[in-house]
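The values are calculated or read from the model by the stated rules, or taken from the named source; none is laboratory data. This structure is a prediction, so every number in the text was calculated from the model and none was measured. Glycine gets a Cβ as well: all are built from the backbone with ideal geometry, and neighbour counts include every protein chain shown. Side chains are part of the model used for accessible areas, which takes the heavy atoms of the whole protein and leaves out ligands, DNA and RNA. Shrake-Rupley method; radii C 1.70, N 1.55, O 1.52, S 1.80 Å.
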Amino acid sequence: MPQLLSEHASFGGVQGLYRHDSATIGLPMQFAVYRPQGPPRATLYYLAGLTCSEETFAIKAGAQRVAAELGLMLVSPDTSPRGTGIAGADAEWDFGHGAGFYLDATAAPWARHFRMESYLVHELRTLVVDHFGADSSRLGLCGHSMGGHGALTLALRHPGLFGSVSAFAPMAAPASCPWGAKAFGLYLGADRGTWDAHDASALMRRARTPYPQGILVDQGLADKFLAEQLRPETFEAACDAAAQPLTLRRHAGYDHGYYFIASFIEDHLRFHAQCLAG
């Protein structure tokens, strides 16, 4: 049973923050849920980026107004386990606490608690269905940066579980970018043969039109991480090879932060609502 930590009225609905004891992670985990008035028509999971928490999206994106209009429930988990006691877990901003990369670690010492993929697709998904009235047949995934990587890869790794997927400035080819290579090397081990299973571009190259309704990606062209870390053109080429409809919008002047996300979050919410409508 999730424990309510705080809640706030917002656009006729309620924004809540919750904690529960996770059997998958082996530690308490926190997550945020925005519930519109009435039964939700669909549920959108938002996966945040490096250094963020379960509250970041709720506070910064300004998504509640449109979610209330569309009847979308919004769920945002934390980006990693916390308080693991693992040496070095707080040493670097782009790895460890706040940087779970939405996968199940297989290398010691991370494998014990860093099981974000199993937590999200099994435990948290079931909890939200059982305790918040989500329809398990109408679930969407959206994410930003590391969370954009998570949204794309989890959608591709679990076909049929999520009915829609979108991303803001995703790490689109993490196996070949510095952030991803660092995280994969430490979480998964030095065998690069295991990394492609968590790389959106590699997964898409092995697929065939997995999301016929399309995938929406927004990318700011003033994003300082674009060339080295994000590589949307690699994902774009993979979608072309897989006959996957992709709307990749490139925006002059926009950077990597939440001013960018807040500018286009309405488009993503409407995209998911349309995809999940029936």
Inter-site label distance for R41 and R112 at 7 Å from Cα along Cβ, in nm: 4.7
Share antiparallel - DSSP beta bridges, the chain, percent rounded to 5: 50
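Just by accessible area at a 1.4 angstrom probe, what is the order of V66, V14 from largest to smallest? Let's see the in-between values first.
Details: V66 5, V14 45 Å².
These residues rank, largest area first, as V14, V66.
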D_trans [Stokes-Einstein, Kirkwood Rh over alpha-carbon pairs] for the chain, 10 °C, 1.306 mPa s, µm² s⁻¹: 86
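Starting from 0.36 nm per residue, how many nanometres of slack lie between T247 and E266 once their C-alpha separation is accounted for? All intermediate terms of the calculation are to be shown ahead of the outcome.
On the way: separation 19, 0.36 × 19 = 6.84 nm, distance 1.53 nm.
Using 0.36 nm per residue and subtracting the Cα-Cα distance, I get 5.3 nm.
Express the carbon and sulfur contribution to the solvent-accessible surface of the stretch 188-243 as a percent, rounded to the nearest whole number, probe 1.4 angstrom.
Details: 1360 of 2690 Å².
The computed percentage sits at 51.
With a 1.4 Å probe and every protein chain left in place, work out the accessible area per residue of the stretch 208-272 in Å², rounded to a whole number.
Working: 3100 Å² over 65 residues.
Accessible area per residue, the stretch 208-272: 48 Å².
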Probe 1.4 Å, accessible area per residue of the stretch 35-137, Å²: 38
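Quick one: which of 134-140, 78-84 comes out on top by average Cβ neighbours within 10 Å, and what's the full order, highest first?
Values: 134-140: 18.6, 78-84: 21.4.
Taking the mean over residues of other Cβ atoms within 10 Å, the ranking is 78-84, 134-140.
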Among H158, H149, H97, residue whose mean-square fluctuation peaks in a GNM of the chain (springs only between Cα atoms under 10 Å): H158
Mean residue ellipticity (222 nm) of the chain, computed from DSSP H runs ≥ 4 via -39,500 (n - 2.57), nearest 500: -8000 deg cm²/dmol
